[in-house]
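Before any comments, here is the structure.
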Amino acid sequence: MFIYDEFDFTPYLTVNSIKRPLLPPQELSTMSIYGRHGDFFFRKQHGAVTLVVSVTIRDQTVDGYRNRIRELAGHLNKSEPKPLIFKDEPDKFVRALMTDESDLEELVMMGQGELSFYCPDPYFYAIEDEVFTFSGAGSYDFSREKGTTESFPLIEIRGEIGSTGEVTIETDDTRLTFNGLLSRGDILTLDSHYLTAYIQKPDGSQVSAINELDRMDFPVLKTGVNHMAIRATGEADVHEVQMMSRSRWL
């Protein structure tokens, strides 16, 4: 069974099988030179995946099939990837979009068929994420227990920063400094996944803070033990730092 964009398909469909690759497609960057055996290897990245779900529709008549298919099509038709949860892994979700390879007509005629979900981001994410809260500046050790690969956290910083102040976030392998203004009630957000930064104002508005960063070296978290140093210099006072890990699995 599965839940897609918060709609539970359990009462309507029986899932016969789910085709999930062991790993996403491996996209390799290489270069070959005439006269030299083999290739030069530069890097590897994971490509998008397609998850194929074989289903049987629950209804007794042809008219019932068609009505049910049209109803389900409305819940499956999305303009952008939405959370997809399989009930054999209820603690994880992947962002997916149904493709035109899904054969609704076969579902109507035969009562069973395949739904193909395209996942541009091949990772599964924790539904209940690991959240860490640090009380002010200092050095902290913490352990990411969920997930099997590195993650790109969302960090929220509360405090006050004046014209001569700076706040630096440093992990084992990254270092990022913010040297803009932060008023009481503001929240400075650092988003490692989207490589962006902004300030949330008390009235709900957002102001870009990307130009107040000294570099684009956003924090990355490893599985297991991590170290983070939060430093405030000059006219800077950090009250609290909250970090959503965005733990994930391949």
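The values are calculated or read from the model by the stated rules, or taken from the named source; none is laboratory data. Quick caveat: nothing in here was measured; it's all calculated off a predicted structure. Glycine gets a Cβ as well: all are built from the backbone with ideal geometry, and neighbour counts include every protein chain shown.
Considering the range 15-56 alone, what residues qualify as being touching a residue at least 40 places away in the same chain (Cβ under 8 Å) and within 12 Å of Leu115 (Cα to Cα)?
Val15, Asn16, Ile18, Thr50, Leu51, Val52, Val53, Ser54, Val55, Thr56
For the range 5-14, how many residues meet the condition of being of a type in the set (D, E, K, R) and in contact (Cβ under 8 Å) with a residue 60 or more places away in the chain?
2
Can you find even one residue in the range 213-225 that is hydrophobic (A, V, I, L, M, F, W, C), in the same structural domain as Asn179 (by TED's automatic domain parsing) and free of Cβ contacts under 8 Å to residues at least 60 places away in the same chain?
Yes: the range 213-225 contains one or more residues that are hydrophobic (A, V, I, L, M, F, W, C), in the same structural domain as Asn179 (by TED's automatic domain parsing) and free of Cβ contacts under 8 Å to residues at least 60 places away in the same chain.
Just checking: which of the strands (runs of 3 or more DSSP E) contained wholly in the range 90-186 hold 2 or more residues that are more than 23 Å from Ala48 (Cα to Cα) and modelled with pLDDT of 95 or more?
By residue number, 131-134, 138-144, 154-161, 166-170, 175-178.
In the range 187-231, which residues are part of a loop (DSSP other than H, G, I, E, B) and under 18 Å from Gly136 (Cβ atoms)? Lay out the reasoning, then the answer.
So the first thing to find is which residues in the range 187-231 are part of a loop (DSSP other than H, G, I, E, B), and the list is 192-195, 201-205, 209, 214-220, 222-223.
The one that is part of a loop (DSSP other than H, G, I, E, B) and under 18 Å from Gly136 (Cβ atoms): Pro219.
Does the range 37-44 include one or more residues that are at pLDDT 90 or above and not assigned by TED's automatic domain parsing to the domain that holds Pro153?
No: the range 37-44 contains no residue that is at pLDDT 90 or above and not assigned by TED's automatic domain parsing to the domain that holds Pro153.
For (1) more than 25 Å from Phe86 (Cα to Cα); (2) touching a Lys or Arg at 6+ places or on another chain (Cβ under 8 Å); (3) at pLDDT 80 or above, each residue gets a yes or a no:
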position	(1), (2), (3)
Thr10	no, yes, yes
Leu22	no, no, yes
Thr50	no, no, yes
Ile57	no, yes, no
Thr61	yes, no, no
Asn67	no, no, no
Glu71	no, no, yes
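With the structure loaded, tell me whether Thr177 is surrounded by 12 or more Cβ atoms within 10 Å (Cβ to Cβ), touching an Asp or Glu at 6+ places or on another chain (Cβ under 6 Å) and at negative phi or whether it fails that test.
Working: surrounded by 12 or more Cβ atoms within 10 Å (Cβ to Cβ): yes; touching an Asp or Glu at 6+ places or on another chain (Cβ under 6 Å): yes; at negative phi: yes.
For Thr177, the condition - surrounded by 12 or more Cβ atoms within 10 Å (Cβ to Cβ), touching an Asp or Glu at 6+ places or on another chain (Cβ under 6 Å) and at negative phi - is met.
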